[in-house]
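All remarks here apply to the structure that follows.
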Amino acid sequence: MSLATAQGAEFASRRWSARSLWALALLTLPVSALCALGFGRFAVPPVDVLRILLANVVPIEPTWPGTAERVVELIRLPRVLSAMIAGAALGLTGAALQGIFRNPLVGPQIIGVTSGAAFGGALAIFLFGTVLTLIGFAFLFGLLAVAIVYALARVDGQAQVLTLVLAGVVVSAAFSALISLLTYLADPNDTLAAIVYWLMGSFATASYSSLGVLASATVAGSVLLWFLRFRINVLSLGDEEATALGVLVERSRWLILAAVALAVAGIVSVAGIVGWVGLVVPHIARMIVGPDHRVLLPASAIIGAVYLLMIDTVARTATPAEIPLGILTALIGAPVFAVMLRRLHLRGWGRA
């Protein structure tokens, strides 16, 4: 088989995989959402869930108890939407970061925004203990972390990738130390438990107001990344190649990082630290649709939405007491990532 024929077959296979993904997404996303809305200690049949939702747009005679409608629309719906939006944003931002850093081991934590936002939220719980201040502090400190990384990494008007990564590690370590200091100083009978539980990640406090904050931040960052998908493709080739193709490397990279920071800060401000999603999901999407970010970004968003929604559903239904989300994402994500890493190694990834 000639090289051209092989490349054509691979391209056709990728197109078929992409089409299959979109078809599967059209079915999987709504089915997963309906199941999540019905599952719980107060179970609601999926048919009733669908009728309750449709009753808001078309006249339907109510045949379900009023309690079921309140549970679905007031408690579970904002949580389900929050989990899907957060999962989509984490998958998309992880794919973008892995592309511009040309490193499959990079996740949203690399730029320090997760640790910064976590410290802001913990500080708000320590000082005020209100949801509104938690969201605001987490968002502001997440963006502050990126600004500090930018200031540390920028030398003579430029910032190399290695310097940027090291600056992110330094900032993450500093904010992690500050979080430890807050947990040490917190009242063990009051704020300590709240800080520790929030840092583990959860959508238990999801509401329509927090959903608005989450959606506004993540949608703005995700839309910006979508418009920059061509630049991410070029940056994934390397700085020299990108410069030769006329891309302003420094400006484009920081614009992408700002979009990632905006999305991730919004997630952490509402749900706490949700790890591994932005690291594992892009690998799954890349195995299905390939490395082209024009397809990889939406694929990562779709898979991330379903992935985090399923984990959140397990977290709130598996035991009488809700399991923190960060525990499950690590328990599930780490083995999955280990298997994928082994497969990549057997295929020759990382060899000279």
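The values are calculated or read from the model by the stated rules, or taken from the named source; none is laboratory data. As the structure is a computational prediction, the values presented were derived from the model and not from experiment. We place every Cβ from the backbone using ideal geometry, glycine too, and count neighbours over all the protein chains shown.
Quick check on Gly112: is it under 16 Å from Ala173 (Cβ atoms), touching a residue at least 40 places away in the same chain (Cβ under 8 Å) and of a type outside the set (Ser, Thr, Tyr)? Yes: the conditions hold for Gly112. Within this structure, Leu105 fails the test of being over 12 Å from Ala263 (Cβ atoms), in contact (Cβ under 8 Å) with a residue 24 or more places away in the chain and in a helix (DSSP H, G or I). Among the residues of the range 229-248 satisfying the criterion of being among the β-branched types (Val, Ile, Thr) and under 22 Å from Val295 (Cα atoms), which is surrounded by the most Cβ atoms within 10 Å (Cβ to Cβ)? Among those residues, the one meeting the criterion is Ile232. When every residue of the range 8-20 is checked against the conditions, none turns out to be at pLDDT 90 or above, buried (at least 19 other Cβ atoms within 10 Å of the Cβ) and either closer than 26 Å to Ala285 by Cα or among the basic types (Lys, Arg) (or both). Just name the residue that is surrounded by the most Cβ atoms within 10 Å (Cβ to Cβ) out of those in the range 311-343 that are part of a helix (DSSP H, G or I) and among the small types (Gly, Ala, Ser). Among residues in the range 311-343 that are part of a helix (DSSP H, G or I) and among the small types (Gly, Ala, Ser), the one surrounded by the most Cβ atoms within 10 Å (Cβ to Cβ) is Ala315. Against the test of being within 30 Å of Thr313 (Cα to Cα), in contact (Cβ under 8 Å) with a residue 60 or more places away in the chain and in contact with a Lys or Arg (Cβ under 7 Å, 6 or more places away or on another chain), the options Ala122, Ala206 yield a single qualifying residue, Ala206.
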